[in-house]
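What follows is a short report on a single structure.
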Amino acid sequence: MRKRIFIVVLILLSLLSGISVTAESRDFSVYIDGDYLKTDVSPIVSSGRLLIPLRALSEAVHAEIRWNEADKSIELKKDGTDIHLAIGKAQASVNGKPTLLDAPPEIEDGNAMVPLRFIADALSYNIYYNEEKPSVLLSSGENPTMSVHFIDVGQGDSIFIILPDGKTMLIDGGNPENGKMLEEYIKANSNGALDYLVATHPHADHIGGLADVIKEIGADNFYMPKITSNTLVFENMLTEIKNIGGSITAAKAGVVIDKNDKYSIEIIAPKSDTYKSLNDYSAVIMLTYGNRRFLFTGDAEKVSENEIIADKKADIKADVLKVGHHGSKTSTSAAFLSRVNPSVSVISVGKDNTYDHPSEAVTARLKLYGSEVFRTDILGTIKAYSDGDTLEIRTDALSPEIESAPLIVYVTKSGKKYHTKDCPTIKSSKNVTAVSFEDAVKKYSPCSVCKPAA
Ligand SMILES: [Zn+2]
Ligand SMILES: [Zn+2]
């Protein structure tokens, strides 16, 4: 069945009124199923239609192209759909059925530029147009796809998000040495300034690369908790915000970053004004899109977690949890985890880090709660895609070992309990044996100190 094509309101209006699309064409971002369409030549607007480079488009939609130099005609083929068009000609056809183009294909800097909407339509993509951004989102499903990128910054956090309306968001910016890489990553995956930038708390592994990002990419809205730090990285970040004339909104429970008919981004912590640990100031963010929810916890520890769950009615259930504080045992209490109950957990952590993150007790607990654990130190950058219903995790290096490895717990020769590896009660025991959790539960009960099953 042919999918309903959503009318591109502004483009339609501009056709009727004879004026062209107001936004500068080079500012347009095109996203296809959650991925940015990076092109060497910027899209152009012709007769109110967006023309984009044929080669980049065909690669992104996995279509075959055939170019005929003699008559400058183009054939595009995908899944039994056969599209014909030619440079400078309004006549085109889809599966032999002739159609007239409002904007014929053109040559720009040696690149064949083709009308995006016509091709998307012919290939049964749904099209969403966001005039404000401006961006065009093509979706092979009913709704546009959002993507959440847990960028591998070693020991630190940085999460880049392409929202379902083409807006972009960055939560944290890794370490100072990650700045350049983050700048390149964001430029390869979007166009123009970020819409939202959150610095969860002023630790160097979260705000380190932000000065570079703010200077080179910029952001329209800044959020950070009301706590300062007399470190150079913090000063550098503030200087760059000041340089671009940015204003900062205090991140605290109840602040709504965005809420519209498609999605909402809400800050649910910090709930207090002062904490002993800087980590507890972390902005904790709930992102809801359709039936799917993502919870980003920064480095929030149990103090903040307990404040969040103290509200018994608060719905903090999420499908994806960005595990707090790099999987440290200071965070992700059983009580908090039972309320979030994530099917997917992401731990942003550095290989062989000196903190021994993540804690084995935390990864064990996540698995016991039925959460699949994804770690940046093992998998590199981890991306989650959702159209509000579906949820798909993609990594460049899906490691089969970690996903299929059985959960291991530890028992002593004479003991009746099973423990996590770092449980203090078995530290001095000589005869500690590793057994699978599956076997352990048949003969042993969970230790009440390390609470491996809690
Ligand atoms: Zn951290
Ligand atoms: Zn921290």
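Our helix-only sum for the chain, with -39,500 (n - 2.57) per DSSP H run of n ≥ 4 divided by its residues, gives a mean residue ellipticity at 222 nm of -5500 deg cm²/dmol.
For the chain, the list of Cys residues with no other Cys C-beta under 4.7 Å reads Cys447.
In this structure, the residue pairs whose Cα-Cα separation is over 22 Å, taken from Lys367/Lys413; Lys302/Lys383; Lys38/Lys351; Lys226/Lys271, are Lys367/Lys413; Lys302/Lys383; Lys38/Lys351. Between 0 and 90 degrees, rounded to the nearest ten: what's the tilt of helix 179-189 against the longest Cα principal axis of the chain? Roughly 50 degrees, rounded to the nearest 10.
Anisotropy class assigned to region 411-454 is oblate, per the alpha carbon gyration tensor with a/c at or over the 1.5 cut-off and a/b no larger than b/c.
Straight-line cross-link partners of Lys97 among the lysines, defined as a Cα under 17 Å from its Cα and at least 8 positions apart when in the same chain: Lys77, Lys78, Lys89. Note on Lys276 and Lys421: their simple-model spin labels are 2.8 nm apart, each label 7 Å out from Cα toward Cβ. Note on Lys97 and Asp40: the model spin-label points, each 7 Å out from Cα along the C-beta direction, lie 3.5 nm apart.
Taking label positions 7 Å along the Cα-Cβ direction at both Glu106 and Lys351, the computed distance is 4.8 nm, reported to one decimal.
Read-outs throughout are calculated quantities, based only on the coordinates presented, and are distinct from any laboratory measurement. Here the structure is a predicted model, which is why all the values come from computation and not from measurement. In this analysis, Cβ positions are derived from the backbone assuming ideal geometry, glycine residues included, and neighbour counts consider all displayed protein chains.
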